[in-house]
1. What is the residue count in segment 21-35 for residues that are touching a Phe, Trp or Tyr at 6+ places or on another chain (Cβ under 7 Å) and either more than 14 Å from residue 113 (Cβ to Cβ) or assigned to a loop (DSSP other than H, G, I, E, B) (or both)?
2. Quick check on my filter: what residues within segment 56-82 are in a helix (DSSP H, G or I), of a type outside the set (A, V, I, L, M, F, W, C) and surrounded by 14 or more Cβ atoms within 10 Å (Cβ to Cβ)?
3. Which fully enclosed helices (runs of 4 or more DSSP H) of segment 101-170 have 3 or more residues being at pLDDT 95 or above and basic (Lys, Arg)?
4. Would you confirm whether any residue within segment 189-204 is surrounded by 15 or more Cβ atoms within 10 Å (Cβ to Cβ) and within 26 Å of residue 139 (Cβ to Cβ)?
5. Of the conditions (1) of a type in the set (A, V, I, L, M); (2) assigned by TED's automatic domain parsing to the domain that holds residue 67; (3) in contact with a Phe, Trp or Tyr (Cβ under 6 Å, 6 or more places away or on another chain); (4) surrounded by 20 or more Cβ atoms within 10 Å (Cβ to Cβ), residue 100 fails just one. Which one is it?
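The values are calculated or read from the model by the stated rules, or taken from the named source; none is laboratory data. Model, not experiment: these values are computed from the prediction. Here Cβ is always computed from backbone atoms with ideal geometry, including for glycine, and neighbour counts include all displayed protein chains.
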Amino acid sequence: MRERVLLDPDWSTHPLAGTLGDYRKVEHAIRSHPGFMDRSTAKCYRIPLDGVPLFIKYYQFVREKEGLRLRHFRLSRPMREWRNLHFFRSLGIATTPPVAVGECRRFGMFRSGFIITREIEDAEELGVLAARHPERVAAAAFFHPLCEILADAVRRMHRRGFFHNDLNGRNVLIRETNGMEAFLFDSPNGRRWFFPFREFRLIKDLASLDASVRHVLRRTQRLRFYLAYVARKRLSKADKRRIGRVVKRSAVPQKPIDPDVRSYI
């Protein structure tokens with residue numbers, strides 16, 4: 001077995017560095033959690049360590065569910081998510097603060113791994129907000145600042161050729177304690193794409209986000225978001241064709257978000 005852990009530089013001198021930098025100690029904390037699910041391939045746990053609120057997403061290879069694949073010998077999902085969180089930060093996109101990442105391999109094959117992020121306090125998932133308080137999300141005082149912030153973040157990402165690949169309401173956190181803030185996270189499958197695949201990936205990201213809020217926003221609000229995304233005041237013919245494809249894709253029935261079901265344990 002080969003185990004390795006990477007700590008974010010901001011946490012290298014933290015009192016918890018000795019624990020977070022030890023793969024066995026972190027895994028013990030995960031497996032000791034009362035909600036631990038041994039047969040789950042990926043699950044997120046909220047585990048406060050010494051009073052520090054942390055989220056630990058734990059991945060493990062379960063042969064009955066996954067089977068052996070070539071991808072198990074490539075860069076692991078926790079490592080890809082770690083890389084992408086730091087990429088978001090380099091672009092000035094707000095994201096969940098990365099703390100540590102670790103993986104365990106046997107004969108080069110991924111066996112288990114984790115990524116640890118610090119909890120963003122007083123934040124709520126956009127999808128859950130839309131399900132619980134649709135009138136609040138649709139209100140101008142809430143939507144207008146969110147529209148500008150979120151459109152800017154997605155535009156920065158796309159202009160660098162990077163696409164989230166799971167940009168839904170569950171993966172956008174909203175906080176209003178010090179003005180409107182939006183955080184993108186949970187992007188282990190995000191990556192750069194090149195022509196001719198960029199347009200398809202762009203539409204997939206926009207459609208996934210649109211599908212999360214289309215039931216609470218008016219058409220004019222959804223159009224406002226797109227105009228903020230392209231940073232223009234008028235639509236071109238190409239924009240109209242793209243919007244048609246986005247709307248068609250986002251109209252595909254989605255599994256509704258249950259606001260009472262948490263995405264972590």
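1. Residues that pass the stated criteria total 2.
2. Selection gives 72, 77, 78, 80, 81.
3. Details: elements: 126-132, 134-138, 140-159.
The helices (runs of 4 or more DSSP H) meeting that bar are 140-159.
4. no
5. Status for residue 100: all satisfied but (3).
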